[in-house]
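Undergrad: Supplied in structure tokens, the structure appears directly below.
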Amino acid sequence: MVLALYLPFFFHLLDLRELQINRGEGLHTVLPIYGSDSIGYGLLADNLLQNGSLAYGGDYLHKPDTFRTPGFPAVLAVFKAVSGSYKYFPLLQILFVVGTAFLIYKIGRKTSFPSLFYTIFLPLTIYPVFAAFKLLNFQTSISGSSLIVNAQPLAFISACIAPYAYYLILALIMLTKEIKPMTRFKMFLLASILILLANILRIIILTLVLLYHGNNEFELIHISFWYFVSTIYVVLVWILLTKIFKITSIPIYSDFKYLLENSMFKKKVLNKHK
């Protein structure tokens with residue numbers, strides 16, 4: 001999927017860049033942009049090839065650079081030595097992105113964010129419910145991950161903790177561009193509290209329904225609550241977060257919009273020079 005999204009952009013941008021260079025319009029009109037850090041890394045890589053030292057050249061030819069680590073310039077140098085230029089190096093970076101995405105997937109299969117959220121939020125959920133029923137004068141006890149209310153055992157399985165609700169809100173926060181790290185933390189903290197409170201209230205209501213109205217009513221309300229908390233409520237929480245923290249970006253969409261406006265679909269840039 002990553003290759004399908006990035007490769008058409010990459011090759012078309014190379015064509016546009018070649019066209020604009022031939023017209024004498026400079027190197028920075030369209031992506032890929034070679035500037036800022038990329039220039040520094042390029043100089044280090046060139047000097048590695050020419051003089052065998054990690055330095056920028058010129059007056060600093062024999063003064064090793066201590067600001068940038070040598071790994072990336074070394075990879076650049078090897079690539080240029082093999083291919084003759086850096087032109088297709090972004091393609092190698094795209095392949096690294098694909099490999100990284102695959103590794104994250106494999107690690108995620110082993111560690112599992114939902115399992116992590118279950119471990120974290122199980123005690124934060126079960127003990128407040130236990131305290132609530134104690135205050136309501138029910139005979140209540142905890143046994144492992146189960147709550148016993150008036151001799152009725154309630155097993156707190158993964159779905160009871162709603163780990164995917166926390167996972168979804170975290171994904172929305174992390175996929176939204178232009179948010180400071182501390183703001184992301186505050187957003188997730190507030191969202192987690194709202195989801196946790198809603199889930200505690202849900203469990204209390206469902207337990208009362210089970211105790212006083214039986215299993216049929218419990219199953220009906222349980223399914224209704226499940227769809228509400230896992231979907232609609234999370235969306236409402238996200239909308240609230242965007243209002244409180246004044247977020248204007250849209251997850252994923254804003255990133256694609258930025259790419260489109262600065263790449264091959266920004267035809268106005270080329271039309272002005274025709």
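Undergrad: From the set of residues in the stretch 149-166 that are among the small types (Gly, Ala, Ser) and not in a helix (DSSP H, G or I), which is modelled with the lowest pLDDT?
TA: That would be ALA162.
Undergrad: Within the stretch 110-148, take every residue that is assigned to a helix (DSSP H, G or I) and polar (S, T, N, Q) and give me the one that is modelled with the lowest pLDDT.
TA: Residue satisfying both the conditions and the ranking: THR111.
Undergrad: Considering each of MET187, MET182 in turn, give the residue that is out of contact with any helix residue (DSSP H, G or I) (no Cβ under 9 Å at 6 or more places or on another chain), modelled with pLDDT of 85 or more and not polar (S, T, N, Q).
TA: That would be MET182, the only listed residue that is out of contact with any helix residue (DSSP H, G or I) (no Cβ under 9 Å at 6 or more places or on another chain), modelled with pLDDT of 85 or more and not polar (S, T, N, Q).
Undergrad: Going through the stretch 57-75 one residue at a time, which ones are of a type in the set (A, V, I, L, M, F, W, C) and modelled with pLDDT of 65 or more?
TA: Of everything in the stretch 57-75, those that are of a type in the set (A, V, I, L, M, F, W, C) and modelled with pLDDT of 65 or more turn out to be PHE67, PHE72, ALA74, VAL75.
Undergrad: Still on this model: Conditions: (1) surrounded by fewer than 14 Cβ atoms within 10 Å (Cβ to Cβ); (2) under 29 Å from the mean Cα position of the chain (by Cα). SER143 meets all but one. Number of the miss?
TA: Condition not satisfied by SER143: (2).
Undergrad: Go through the stretch 222-241 and count every residue that is modelled with pLDDT of 75 or more, surrounded by 16 or more Cβ atoms within 10 Å (Cβ to Cβ) and either more than 20 Å from the chain's Cα centre (by Cα) or not assigned by TED's automatic domain parsing to the domain that holds ILE161 (or both).
TA: Selection size over the stretch 222-241: 2.
The values are calculated or read from the model by the stated rules, or taken from the named source; none is laboratory data. Since we're looking at a predicted model, the values are computed, not measured. Every residue, glycine as well, gets a Cβ built from its backbone with ideal geometry; the counts of neighbours run over all protein chains shown.
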